[in-house]
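**Student:** Questions regarding the structure given below will be posed in turn.
The values are calculated or read from the model by the stated rules, or taken from the named source; none is laboratory data. Predicted model, so just to flag it, every value in this text is computed and none were measured. Neighbour counts run over all protein chains shown; Cβ positions are idealised from the backbone, glycine included. What goes into the accessible areas is simple: the full protein's heavy atoms, side chains included, and nothing from ligands, DNA or RNA. Shrake-Rupley method; radii C 1.70, N 1.55, O 1.52, S 1.80 Å.
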Amino acid sequence: MSEDCIFCAIVAGDIPGRIVDENDDAVAFLDANPMSPGHTLVVPKAHRTRLADMSREESRHVFDLVHELAPRVEDAVDADAHTIAVNDGPDAGQEVPHVHVHVIPRFADDDGGPIHRVAGTPPELSDEELDDIAESVSS
Ligand code: 5GP
Ligand code: ZN
């Protein structure tokens, strides 16, 4: 637990959090400033800043809970779909430095957009550049 972390405080029950589910290593609660009705956050119980800071076991529990919860959230608010995303690092928009997966219900008539827009203008990459990136990631 990190002393000044708001999500650690919710996990510990020190502040109210509208917790909707949990498993061994993960907790899900409603976002306090939802982007849509039912917007839910799934977090590891332990204080971890970035995805890569979680153990494989913690990661499995977090994403298991996302997998289990997403259809229930969708049903609960009668949504048509959902966007599931992680702002992993401040430069990606992460404001709370405790890993959280956003489960955001989406509606056919909402005025949101697809995840394709989050990184700004798409780069024009040659086949060679794509090959180089694939090589770097896989080695
Ligand atoms: P981020 O930008 O870090 O990916 O998202 C942080 C999310 O946490 C935001 O959607 C914000 O509304 C939510 N949030 C911030 N403070 C609190 C809080 O005290 N309680 C809850 N339930 N959600 C919070
Ligand atoms: Zn924390």
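**Student:** Tell me the per residue accessible area of segment 82-126 using a 1.4 Å probe; a whole number in Å² is fine.
**Tutor:** Values: 3050 Å² over 45 residues.
Solvent-accessible surface per residue comes out at 68 Å².
**Student:** What is the local net charge at Asp78, summed over the other residues whose Cβ is closer than 15 Å to its Cβ (Lys, Arg +1; Asp, Glu -1)?
**Tutor:** Working: positive: Arg72, Arg106; negative: Glu74, Asp75, Asp80, Asp109, Asp110.
Computed value for this residue: -3.
**Student:** Can you classify the chain as rounded, prolate or oblate using the Cα gyration tensor, where a ≥ b ≥ c are the square roots of its eigenvalues, rounded means a/c under 1.5, and otherwise it's prolate if a/b beats b/c and oblate if not? Before the final figure, lay out the partial values.
**Tutor:** On the way: a/c = 1.98, a/b = 1.30, b/c = 1.52.
Note, shape of the chain comes out oblate.
**Student:** May I ask for the angle, rounded to the nearest 10°, between helix 56-76 and the longest principal axis of the chain, with both axes built from Cα atoms and the value confined to 0 to 90°?
**Tutor:** So the inclination is approximately 70 degrees.
**Student:** Report the relative contact order of segment 6-138, percent, no decimals, based on alpha-carbon pairs under 8 angstrom and at least 6 residues apart.
**Tutor:** Working: 181 pairs, mean separation 30.6, N = 133.
Worked out over segment 6-138, it gives 23 percent.
**Student:** How far is helix 127-138 tilted off the main Cα axis of the chain, in degrees rounded to 10, range 0 to 90?
**Tutor:** Long axis of 127-138 versus the principal axis of the chain: about 40 degrees.
**Student:** With the calculation restricted to Cα positions, what are the radius of gyration and Dmax of segment 60-135 in angstrom?
**Tutor:** Rg and Dmax of segment 60-135, Cα atoms, are 16.0, 47 Å.
**Student:** Also, quick follow-up: Hey, rough spin-label estimate for Leu51 and Glu135, points 7 angstrom out along Cα→Cβ, what's it come to in nanometres?
**Tutor:** 2.5
**Student:** Whenever you get a sec, compute what percent of the accessible area on the chain sits on carbon and sulfur atoms (1.4 Å probe).
**Tutor:** Of all accessible area on the chain, carbon and sulfur atoms account for 50 percent.
**Student:** Could you state the number of Å between the C-alpha centres of segment 39-68 and segment 71-121?
**Tutor:** Taking the Cα centre of each part, segment 71-121 and segment 39-68 sit 15 Å apart.
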